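Bear in mind these aren't lab numbers, they're just calculated from the coordinates by the rules spelled out. Predicted model, so just to flag it, every value in this text is computed and none were measured. When we count neighbours, we look across all protein chains shown, and the Cβ atoms used for this are built from the backbone with ideal geometry, even at glycine.
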Amino acid sequence: MSSALSCDVLIPDKMCFRCLGFVLLIWFPGAVNAQSETEPCNAPRLDGGFFVPVQVTYSHGTNLTYACDNGRKPAVEGWWATSTCQNGKWSPKPQCIDEKSCLPPSISNAKYTQNPNDWYKETEKIRITCDNEYEVKNNDATAECKNGTWTSIPICEKSSYACDEPPKIPHAVIIHQGYQDLFAKDAEVSYECEDGYAVEGTADTQTVLYCVAGNWTAGQPCKLKPPVTDRTNSEGGTRPGAGPGAGTSGVGGTGNAGGGRSTSAGSGTQPAGGRGGGGVDRCGEIPKLINGAVETERMSLKYKCNEYYELVGAAEVMCYSDGSWSERPTCKEAFCTVDTAQYYGLKTLPQVQYVKEGQSAYLECLQQDQYGNYFAVAHCRNRRISFQGCCSRYYITWGGC
């Protein structure tokens, strides 16, 4: 049996209570911490003012009221103030400051350097920086403390380059982004199509919109996914019309003279033999390649894609002895499109612009300065366009923007 249980048997009642209290402190050490978390406060030191009630110490939670002498004022709004004892410290700290000093201004949607004293001396200045979605009104970003008040406090207003909430796309939802009704320039939002839908004209289920010069870029709708079809034997197509060297594609070159490549002997399907065996003729019609071209050799075909497209699969297709072709490649789009008419602030061009995958293009803006027109840089990454906002040619030349 523990000493705590035998206390009332071995020692008198008063001593038993002391023993029991000691045991409870061991069992409940939080009781000690609770006392330390509610420490009393000493009387504050207040230069140039007075407070009530006047005591040597104040218990936790006590409110103190103070005022300041002539020529001074509390470091908070009003001619009198209160402070509360919180775990051994006064909050807020009682202070009397020069009446010509200023309290921190309240400026929405902005940041500025905070004075560690929580107040500013006369003639002291502050300079604000607006949040990304805002800009300083009338280019006035500074304020000065004069005779206890601030001269014309700066205002942050909605930036002309900021965008309102993104548009709704049917069968899609914005992902990884909490709701907000204002977005900074160059911001981007990602949409995810509803299950069973894909971005129109692609197999992608996600699309991205960008905030450019106050407007969101145009978004492609989400459509029901089309059934999978075999496009191997479709007619050859064309590459983007605006791309350099655009043209048609199809069958190119002629069969090579002379012997073909040798093949290993044995049973089973193998590439067709020499000219006597028919070569590629054995396999009949030569498969075309959409957005690409093909060159014929004696026993195989060589495929390549047009500019702005990327080959997926083996470039060489074999004609087997049983009259079948080996697996044929396809040409995947490797470019982004920019319709300048869809972007506010860009100079409208007569046709859609194409930017190769991994490359950038400079698009002329409407804005100008003494060096000429501004330009926006369009980057093509993963077949999606992102922008750097309109920038002076001078800064672009020197590596800015």
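Between LEU311 and VAL54, the modelled label-to-label distance comes to 9.7 nm, taking each label 7 Å out from Cα in the direction of the beta carbon.
Look at the dipole of the range 162-226 built from charges on Cβ: of ALA218, HIS176, THR202, the Cα furthest out on the positive end belongs to THR202. As a length-normalised measure over Cα pairs under 8 Å and 6 or more apart, the relative contact order of the range 110-158 settles at 36 percent. Sparsely packed loop sites in the range 109-162 (the GluC sites (Glu not before Pro) outside DSSP H, G, I, E and B with at most 15 other Cβ atoms within 10 Å) comprise GLU122, GLU124.
This ranking places ILE290, ILE128 by how few other beta-carbon atoms lie within 10 Å of each, fewest first, which gives ILE290, ILE128.
Residues whose amide H lies under 5 Å from that of TYR134, counting only those 5 or more places away or on a different chain, are SER159; hydrogens are built 1.01 Å from N in the peptide plane.
With r as the distance between the Cβ atoms of GLN368 and ASP131 and R0 = 25 Å, compute the FRET efficiency 1/(1 + (r/R0)^6) and round to 0.05. Working shown, then result.
Working: r = 28 Å, r/R0 = 1.10.
Efficiency, rounded to the nearest 0.05: 0.35.
Charge dipole of the range 162-226 (Cα centre as origin; +1 on each Lys and Arg Cβ, -1 on each Asp and Glu Cβ, all else neutral): 140 debye, rounded to the nearest 20. Stretching the chain fully between THR82 and ARG383 yields a gain of 102.2 nm (0.36 nm per residue, less the alpha carbon separation). Each principal axis of the Cα atoms in the range 335-401 has its own extent, and those three values, largest first, are 34, 25, 14 angstrom.
Take every Cα pair under 8 Å whose residues are at least 6 apart in sequence, average their separation, divide by the length of the range 162-226, and the relative contact order is 37 percent.
Sorted from fewest to most neighbouring beta carbons within 10 Å, what does the list LEU301, LEU311, LEU289 look like?
Working: LEU301 23, LEU311 16, LEU289 29.
Ascending number of Cβ neighbours within 10 Å: LEU311, LEU301, LEU289.
Compute the Cα gyration tensor for the range 41-98, then decide on rounded, prolate or oblate, letting a ≥ b ≥ c be the square roots of its eigenvalues: rounded whenever a/c is under 1.5, prolate when a/b is larger than b/c in the other cases, and oblate in all that remain. Write down the numbers at each step before the final one.
Values: a/c = 2.26, a/b = 1.81, b/c = 1.25.
Note, shape of the range 41-98 comes out prolate.
Give me the Debye-computed log₁₀ of I(q)/I(0) at q = 0.15, 0.22, 0.23 Å⁻¹ for the range 162-226, equal point scatterers on Cα only, no solvent, two decimals. Values returned for q = 0.15, 0.22, 0.23 Å⁻¹ are -0.44, -0.84, -0.90.
Would you work out which of ASN382, THR348, VAL338 lies farthest towards the positive end of the dipole of the range 335-401, given +1 charges on the beta-carbon of Lys and Arg and -1 on that of Asp and Glu, about the Cα centre? Going by the Cα projections, it comes out as ASN382.
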